[in-house]
Every structure is written in structure tokens, then in C-alpha cells.
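Structure record follows, encoded as C-alpha cells.
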Amino acid sequence: MELNYLECIACGSREDIQTNSYQCSKCGDLLEVKYDIESLKEIVDPKRWTGSLRVWRYKEMMPLKDGSKIITMNEGGTNLVDCDNLQSMFKISSLRVKNEGENPTGSFKDRGMTVGVSRAVEQGAKVVICASTGNTASSAAAYAARAGMRCVVIVPSRAIALGKLAQATIHGAEVVQVKGNFDQSLKMVLDFANRHKEIYLLNSLNPFRLEGQRSLAFEVCEQSNFEVPDRIIVPVGNAGNISAIWKGFSEFKELGIINELPKMTGIQAENASPIADAVKRGDDKILNVERPETVASAIRIGAPASWRKALRAIRMSGGTAEKVSDNEILEAQRLLARKEGIFTEPAGASSVAGLKKLLEQGVVDSDERVVCVCTGHGLKDPDIVMQFVKLEAEMEPEMESMERALGIASVVTR
Ligand code: F0G
């Protein structure tokens, strides 16, 4: 029995782990990495995990052949922050935030990229490519730079947050803008990578990248002393992350490392919510959104590639999905910043916006232990914040002028 192999998520056919393809050769759906759990049980022993939390702590659970070619920046190990202020404001018994903005390039994408780019090295690739709403591009650019590879990123025209564009550019990626949206960009890179087999695709269609992203689940288990939270709330765009996190929890349970599973709860932006809409309809298929629109540019996606995996995760875990408005997202972003000191980009704040809404609706109980994933750092999208900022009036460099500016009266001395 092979330790790991690839399996189609729709028809169940198996492919060799070394295959260079992103889709099932029989039905064309996505592939995912599967493990022979009994063989994995023999090599995985949490007591032998040493050092700090990070993706490569779980190296025997990552499907690479050769540990000597790993491209890493010690990604993962982000804080699970106790949010006491928001907890009492929302009247919930436990609220923690997995603060993914702490990763090397400022988003959860680094967890997957370290595995994806290491796999590209193993496959002998010289060029990597991805379509992106920004964070995948920043992360791919940084890891490809470390690996000495050419990196091409395809992004929707004038739709990428400034910080992300700066990151991709400074790391030396070739940034090509498409006169279209993310969904069109993704279709183009997939067709391109299928045509030019020597070019390695780093989107979440790539099952290896998602294997790295499930480390978030492993860390939450360890940071909770293996007492699994009742619910994990995750921002959803292309739907790879929620699927990967669920896969991580499920495998820990199969290995006997944890006893419970969390309810996977996906949050999308209104007008970019095909998965939340399908869950509300009780449907097992999504209807793509032709022109997705939201202030949270990272999740401005209408045709999520991993929709089938995400619906499966939500259903199997007894979770749910909800959509939130731009105003709700921006309000949650400000609350996180002002009550907890956490600055996350709008997409990252959508999980907290979703929690607030689900509590108000009575879908989430006030006695639940909830973890919200805040997926990316707020500095990636400074324009969003600055459009609401009114700077105080300028003052002369004099004490009196400062007291006037701050509305603090001067002390009268005799
Ligand atoms: N949050 C942020 C900050 C993101 O950048 C993304 C995805 C998501 C949430 C959604 O994750 O796609 O796995 O459901 N960003 C991708 C990108 C699409 O290109 O950077 P998902």
C-alpha cells in the first residue's frame, strides 16, 4: 500500500502521487492527496514533534519525497489570540482569532506555498505561475524568489490591493494584468499550465499547496491542548482554505490525535457568494456569480474552483455558510483593530463579521467556543482604510497650539 496517492474528489479514481496533472484524467474534476491512514499512524507521533509550531513540524504528513529541497521561511506558528473584548461585546463564551497576517508574506497562503514551491523544485520546474486576487501572487513571488525560479502572476486589471502588488513586484514576479476578473484569470492559467506541462501551477487546484494549508488545523488543535473548538469560521473565496482546514482536522481525528471535529463555517461577501447561496438553498451544486463585487478584493470570486470540497466540508461537519455586506465587513475590520489590536484586511475580517451575524440570528450559540480565521494582514490594502480617515488639523510646533489641537486646556500657573 502506498503511503499517499492522489484521488479525484468526484469520481474517486486514483492517480500516482508523482503525476504532473491537476485534474482527474477520467472526469476532469480536482484531485486531492490521500493517505493510507494505517501506514501514517506508524510514522506520526505527536510526542516526537519538537520545536515551535510551524508547517514543517508536521513534515511526515506533507507529501514530499525529499526533505532536502524544502523552500521555507518558517511559515505558520501564528498566534491564536484570545479576544476578550470582542468576546464580551458579542456575549460569547470563547472567541479566539487565528491571526494569519503574522505569516512571512502576511497571509495564510505561505502555509501552502512552502509545500507547493518545494514540490515544484522536486518536479524540476523552472517557471511557476498563478492567477490571483493578490495574496497568492505575493506569496508565490516570495517563495519562487528563494527557489531561484521565474514567477508569473496573472491578476485582474486594476483590482489588486496596493500592498499585494508591491510585494509581487519587489520579489521579482512578472505581473500580467488581465482585462477580466479572477475567475477568467484562473481559467486562463489552468489552460496554460495544461498546455505547457513544464510550467508549474501554484493555484489551490494544486493539491500539494492545500496540504500545507491544513497545518492551520493542526496548530489550532495543539494551541487548544487538543480540545477542538466547537466552530471554525473561515473567509471563503476560491474555497481551497476551508477545504484544507477541514481535511486537516479530519485526518487528525482519523489518526486518533483528536476526538471531536469543529463545525466548518464559511463566510462570503454579498455579491460574491455562490457557496453561501448554495448552502442556503440546500443545494449540492453552486450557481456561479457572473460579476462578483465586494470591497474585500481577496474574495471577489464568482466561480470558486474548490466549491465541491467546501460544500462537503460544511455538510459533513454540520457547519454552515453565510454572506456579509461590505459595511458589515468594514465594521468588523474596525472592531478587530480598535478592540483587539488586530489589523486584518477586509477579507480577513469577514469571518468576524459572519460570527456577529450568525450570533444575532441565533445560528451560533453563545456558549460555543469559536475560532475565527483572519486570513491576511491589514497593511496589504491600505487604500480601504485611508478612504475613511480624516487626519487631524495641522498645528504649529508650540505647546499652546498642541493643547488647542487636542482640546486639552492649558494648566494655569501662578
Ligand atoms: N482571505 C484572503 C486574505 C485571501 O487572500 C483569500 C484568497 C481568501 C481569504 C479566500 O481563501 O480562496 O482559499 O477560499 N485569496 C486568493 C488569492 C484567491 O489569489 O490570493 P480561499
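The values are calculated or read from the model by the stated rules, or taken from the named source; none is laboratory data. All figures in this text were calculated on a predicted structure; none of them were measured in a lab. FYI the Cβ positions are ideal-geometry reconstructions off the backbone, even for glycines, and counts take in every protein chain you see. Please note that ligands, DNA and RNA were not included when accessible areas were found on the heavy atoms of the full protein model with its side chains. Shrake-Rupley method; radii C 1.70, N 1.55, O 1.52, S 1.80 Å.
Computed values, structure above
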item: Helical contribution to [θ] at 222 nm, DSSP H n ≥ 4, -39,500 (n - 2.57), averaged over the chain, rounded to 500; result: -11500 deg cm²/dmol
item: Angle between the chain longest axis and helix 240-254 axis [Cα atoms, degrees, rounded to 10]; result: 60
item: For segment 137-194, with +1 on Lys and Arg beta carbons and -1 on Asp and Glu, the positive-most of GLN167, SER157, PHE192 along the dipole; result: GLN167
item: Set LYS98/LYS197; LYS26/LYS126; LYS65/LYS98; LYS109/LYS356 screened for pairs whose C-alpha atoms are more than 32 Å apart; result: LYS98/LYS197
item: Kirkwood Rh in Å, taken over all unlike Cα pairs in the chain; result: 21.9
item: Ranked by how many other beta carbons lie within 10 Å on average, peptides 239-245, 397-403 from highest; result: 239-245, 397-403
item: Cα radius of gyration and Dmax for segment 325-414 (Å); result: 19.4, 64
item: 5 angstrom amide H check on ARG369, placed H, neighbours 5+ away; result: ASP230, ARG231
item: GNM flexibility winner over the chain from LYS179, LYS247, LYS309 (Cα, springs under 10 Å); result: LYS179
item: Charge dipole (debye, nearest 20) of segment 287-414; +1 at Cβ of Lys and Arg, -1 at Cβ of Asp and Glu; result: 800
item: Average accessible area per residue (Å²) across the chain - probe 1.4 Å, nucleic acids and ligands excluded; result: 44
item: Computed over the chain: relative contact order in percent, which uses C-alpha pairs under 8 Å that are six or more apart; result: 16
item: Listed residue (PHE249, GLY348, ILE286) projecting farthest to the positive dipole end of the chain, Cβ model; result: ILE286
item: Within a Gaussian network of the chain (alpha carbon springs, distance under 10 Å), most fluctuating of GLU328, GLU394, GLU219; result: GLU394
item: For segment 64-125 and segment 282-299, distance of Cα centres in Å; result: 24
item: 0 to 90° range, to nearest 10: angle between helix 307-317 axis and the chain longest Cα axis; result: 80
item: In Å², nearest 10: area of ILE408 left accessible to a 1.4 Å probe; result: 100
item: Whole-angstrom gap from segment 222-261 to segment 335-378, using each part's C-alpha centre; result: 17
item: Fraction of accessible area attributable to carbon and sulfur, the chain (%, probe 1.4 Å); result: 49
item: Most mobile listed residue (ALA310, ALA140, ALA278) in the chain, GNM with C-alpha springs under 10 Å; result: ALA278
item: Selection of GluC sites (Glu not before Pro), segment 1-96, meeting DSSP coil and at most 16 other Cβ within 10 Å; result: GLU2
item: Unit charges on C-beta of K, R, D, E only; dipole of the chain, Debye; result: 820
item: Aspartates and glutamates with Cα under 12 Å of LYS280, excluding same-chain neighbours fewer than 8 positions away; result: GLU322
item: Exposure rank, largest accessible area first [LYS69, LYS59, LYS357; 1.4 Å]; result: LYS59, LYS69, LYS357
item: Two-decimal ratio, segment 100-201, of alpha-carbon radius of gyration to 2.2 N^0.38 Å; result: 0.98
item: log₁₀ of I(q)/I(0) at q = 0.13, 0.20 Å⁻¹ - segment 207-292, Debye sum with one point per alpha carbon; result: -0.47, -0.93
